[in-house]
1. Could you tell me the calculated FRET efficiency between ASP408 and ASP339, based on Cβ-Cβ distance and R0 = 22 angstrom, to the nearest 0.05?
2. Roughly how many whole Å is it from the C-alpha centroid of region 72-122 to that of region 165-228?
3. Around ILE405, which amide H atoms from residues at least 5 apart in sequence, or from another chain, sit under 5 Å from its own amide H, with H modelled in the peptide plane?
4. How large is the translational diffusion coefficient of region 218-322 in µm² per second when you combine the Kirkwood radius over alpha carbon pairs with Stokes-Einstein at 20 °C and 1.002 mPa s?
5. Using a 1.4 Å probe on the protein heavy atoms only, what accessible surface does ILE405 show? Give it in Å² to the nearest 10.
6. Can you compute 3J(HN,Hα) from phi for each residue in region 352-358, using the Karplus curve 6.51 cos²θ - 1.76 cosθ + 1.60 with θ = phi - 60°, rounded to whole Hz and x for Gly and Pro?
7. Solvent-accessible area per residue for region 321-430 at a 1.4 Å probe radius, Å²?
8. Going 7 Å from the Cα of ASP241 along its beta-carbon direction, which residues of region 339-373 have the amide nitrogen within less than 20 Å of the resulting point?
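The values are calculated or read from the model by the stated rules, or taken from the named source; none is laboratory data. Quantities reported herein were computed from a predicted structural model and do not represent experimental measurements. Cβ coordinates were reconstructed from backbone atoms using ideal geometry, including for glycine residues, and neighbour counts include every protein chain displayed. To get the accessible areas, we keep the full protein, side chains included, count just its heavy atoms, and leave off ligands, DNA and RNA. Shrake-Rupley method; radii C 1.70, N 1.55, O 1.52, S 1.80 Å.
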Amino acid sequence: MGREEGHARRRFLKSMSAGVPTALMGLVASPASGQGTPKSAPHGPNASESRRPIDREWTMAGDDAIAFRKHTLDLGAAESVTVADMNRDGRLDIVCGESWYEQLPPERGAGPRFVKHKFRDLAYSEFYLEDLSDLAIDVTGDGYPDVVSCSYWSKPLTWWENPGARGGAWREHIIETKSPVEFALLVDILNTGKPLQVLPQFGDENFPLTWYEVADPGASDPWIRHEISRKSYGHGIGVGDVNGDGRLDIITPKGWLEAPPDPRKGEWDFHQEFELGMTGFMHVMDVNRDGLPDIVTSMGHDYGIFWLEQKKNAAGKRTWVKHMIDNAWSQAHATTLADINGDGRPELITGKRYYAHEHDPGANEPLGVYWYEPYGSPENVQWRRHIIDYGTRTGAGLQIPVVDIDGDGDLDIVVAGKSGLYLFENATSR
């Protein structure tokens, strides 16, 4: 990093410090740091040497459509985050970077409360914590969620074994070593209604596109590898039923792979129908309600959130028309589709990733978190941008869980990044 880039990075960090105590600013560049970090980290999900909750005041966020209470959970650098009941107490917890955040029993008049537990040590390379996705999935079959993680550096794809009720240290296991992984998704390739397969976005395009299935308990290798193409197809990946046959296809920036009747054994035909560049997550949604599935995605390292309208001529030939949703800000690396306003139709939730790369277009522009609401006629679909948070140190990293974390009937949003971990508690039900 050159001198001018370094100065720009420090100026931007300073610009995000408004409202943050000076004593906490030193935590920005320290992975998994933060108030309440125990000196001796607990290992198992039931570890309880400290039950003191993270104690920071919340602030209001959002707009007139949906108001949120913004909770700052950690000011350390970690870009991955997932939500699961890690200790089987019936409450949803948060996993982010080196720690998991146990949700405590509710108190009358209080929002969600969490206790931080460090459960692993991760390397830190080139301003990145080596953890680009966290996926909660029970690999061992003991009922406790384990954690699949990926990285672009020393350990591309691993899983961490939850010690469960027995307690003790979390154990790391290797899944894949031969290609870096940009991010990974939990998907329902087998069409069972539950996303229980792992789909990595491999950084090496010469590495075979592969999805991973958990083997039966007691198998010598807990993972079954399904290679569906001899190569990978660039930056970006997702799943969805592109052709309306009821099966989940795999979408890439260079085209889509059609799922066979048996995803484990059949041939996945590649349809090279578009070239999109370095996208982020890729979703399938009938945006204009014409009966044809469309694709919604974003540029992970540039400006642009957009959707591709699927069209078919009389002969059944498929073409795609690109429609811009928003190109006012850059680095929308992670996106999530969820019905956040309860109107029965999915909305798009996303945010600016803080320094996806320091040299990306718009890298030093203000951070923000947003949701986009489609409206209008099928012939003229528009998207209304709603600001959840803007101009603070809060952006969206590599995952954006949208889930009713506090069980009050509305959807909350969790974001993580190099500038901290935050919960936006939906205030609709209050």
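1. Values: r = 16 Å, r/R0 = 0.72.
FRET efficiency, ASP408 to ASP339: 0.90.
2. Centre-to-centre (Cα) distance: 23 Å.
3. ASP412
4. Numbers: Rh = 14.8 Å.
It comes out at roughly 145 µm²/s.
5. Near enough 10 Å² of accessible area.
6. 7, 7, 5, 6, 3, 9, 5
7. On the way: 3680 Å² over 110 residues.
Result: 33 Å² per residue.
8. Counting only backbone N, you get 339, 344-347.
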